[in-house]
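Beneath this line is the structure, given in structure tokens, with notes to follow.
Computed from the coordinates by the stated procedures, all read-outs in this text should not be read as laboratory data. Owing to the predicted nature of the structure, the values given are computational and were not obtained by experimental measurement. With ideal geometry, Cβ positions are generated from the backbone for all residues, glycine too; neighbour counts draw on all protein chains shown.
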Amino acid sequence: MRFIGKVAVITGGAHGIGRAIAEGFKKEGARVYCIDSTPGDWFIGDVSCKADLERFAESVLNAEESVDYIINNAPPMMKGLDQCTYEEFTRALAVGVTAPFYLTKLFAEHLGEGAAIINISSSRDRMSQPQTESYTAAKGGISALTQALAITLAGKARVNSISPGWIDTAGVDYSGADALQQPVGRVGKPEDIASLALFLCSQEAGFITGENICVDGGMTKLMIYHGEHGWSFDV
């Protein structure tokens, strides 16, 4: 029960990684406030909308004197160069970069002692597939924003980001090549990310700030050459 009496704010807390983090905080005693566009028993809002972020922050601060943890998790859309419109690209950046910046700004003067901020990035901030520009740009942006906020908020909050690899949020039991392509031999689970987020918010991680930690089962560390280890490239 590391977080008894603490307050955690989570964007995109209704599903997947966000939900696992919210449940983890609750189990350890924190009061949790989520915003998500999906209808439910949380604050319903669009994090790309300035007014919704302001209303959400106001609702939290009407109930709490301070905020201890901010988890910026809401995911941007993934569209590529061929199909992504200007408006869609702009919205992806609003969800993935502007919202974390603005929500942090709204709570900056209300952070509790020992506060921590966790930004959920992606292993796509360092590697890509074709036609993923909107998502990749947003995730690269949040990784860079993390280190800037860590310096600006020095003495007020520690700021770190987590870059998940393939995380199954649908409860599928992957096997064979899907699992074995990760050096650890399996696809990731939301709880893999949640456990790290909780650690980074705890005082056990009190000497860690400005870091981006990749949690991908080692996949980004696997060097791939045609014809080795069962990999081939079709020309």
In Hz, Karplus ³J(HN,Hα) per residue of segment 203-213 (6.51, -1.76, 1.60; θ = phi - 60°; x = Gly, Pro): 6, 4, 9, x, 9, 10, 8, x, 9, 10, 9
HN-Hα J in Hz across segment 37-44 - Karplus 6.51, -1.76, 1.60, θ = phi - 60°, x for Gly and Pro: 7, 7, x, x, 8, 9, 6, 8
Calculated from backbone phi, Karplus (6.51, -1.76, 1.60) coupling profile of segment 16-29 in Hz, x at Gly/Pro: x, 4, x, 5, 4, 5, 4, 5, x, 5, 4, 4, 9, x
Amide H contacts of CYS34 (H built 1.01 Å from N, under 5 Å, at least 5 apart or other chain): ILE10, PHE43
Whichever lysines have a C-alpha closer than 19 Å to that of LYS156, once near sequence neighbours (fewer than 8 apart) are set aside: LYS6, LYS105
Distance cut-off 14 Å, percentage of C-alpha pairs in segment 1-63 lying past it: 54
Ratio of the Cα radius of gyration of segment 7-221 to 2.2 N^0.38 Å, where N counts its residues: 0.98
Highest-fluctuation residue, PRO183, PRO100, PRO76 considered, GNM on the chain with Cα pairs under 10 Å: PRO183
Normalised contact order of the chain, rounded percent, pairs of Cα under 8 Å and 6 or more residues apart: 19
Segment 1-72-segment 86-125 distance, computed between alpha-carbon centres (Å): 13
Taking segment 175-235 and dividing mean pair separation by its residue count, relative contact order in percent (alpha carbons under 8 Å, at least six apart): 34
Degrees separating the helix 50-63 axis from the principal Cα axis of the chain, which is the longest one: 50
For LEU111, distant residues with modelled amide H under 5 Å away: VAL67
Dipole magnitude (debye, nearest 20) for the chain, charges at Cβ of Lys, Arg, Asp, Glu: 360
Amide hydrogen neighbours beyond the local backbone of LYS6, cut-off 5 Å, H modeled: ARG31
